[in-house]
Amino acid sequence: MNSFLFIKKLLFPGLNIATRKRMKFIKYFRRGDILTLDAGCGNGAFSFEAVKLGNRVVGIDFDPKKLKRCEEFRDYLKIDPKKCQFRVFNIYNLPNLNQSFDQIICFETLEHLKNDQKIISLFNQILKPGGVLHLDVPSMNRKPYYGEIISQEEDGGHLRLGYSFNNLKKIFGLNKVRRYNEKRQYFLDYTQN
């Protein structure tokens with residue numbers, strides 16, 4: 001097991017090129033002893049990066065197997081579990097976390113959810129005043145991935161190809177929005193008033 005984790009550490013965040021590309025957005029993450037939610041944390045890559053910046057992190061995902069691997073890797077990296085927790089959690093139940101966050105990271109998750117507007121509303125409820133949401137979603141103008149089928153159910157697949165910037169502004173209805181557009185994705189920051 002340790003040899004596997006050693007190799008994982010060498011290759012982390014893995015061979016997924018999209019995840020590697022999103023690592024450049026870490027420069028926008030807040031530093032210091034703040035509370036960060038990584039909503040849809042996947043392999044924990046952005047949770048671990050936030051911890052490196054001094055954050056206390058709660059990473060949530062619906063897949064217990066993924067989170068078990070995140071915990072194993074966290075322990076291998078000797079990160080204090082009090083500074084980096086992973087929870088199997090339904091994103092629609094965010095208020096049940098009973099916490100407010102200084103920063104929320106939500107990368108490549110929103111397009112998998114039927115009620116994206118509800119999730120944004122829930123983010124607003126749990127984000128502290130002055131807090132920041134970092135959102136990364138694919139562009140609706142992208143070409144579908146090879147063999148990609150848009151799902152009708154929340155089964156882990158995409159429910160929509162992506163979003164346009166104007167579409168995101170309608171969903172957010174917020175005035176403090178920064179945009180980082182790339183050919184196939186949008187990175188959006190907004191600050192809670």
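Step through the table entries K65/K143; K21/K78; K118/K170; K114/K170, compare each Cα-Cα distance with 24 Å, and write down the pairs that go over it.
Details: K65/K143 30 Å; K21/K78 26 Å; K118/K170 13 Å; K114/K170 16 Å.
Where the Cα-Cα span goes over 24 Å, the pairs concerned are K65/K143; K21/K78.
Starting from a Cα-only point model with no solvent, please compute log10 I(q)/I(0) by Debye for the stretch 75-179 at q = 0.18, 0.20, 0.21 1/Å.
The calculated log intensity ratios at q = 0.18, 0.20, 0.21 Å⁻¹ are -1.01, -1.16, -1.23.
Hey, which aspartates and glutamates would be in cross-link range of K24, C-alpha to C-alpha under 13 Å, not counting anything within fewer than 8 residues on its own chain?
Leaving aside aspartates and glutamates fewer than 8 places away in the same chain, those within reach of K24 are E49, D136, E182.
Every number in this text was worked out from the coordinates using simple rules, so none of it is lab data. These numbers come from a predicted model, not from an experiment.
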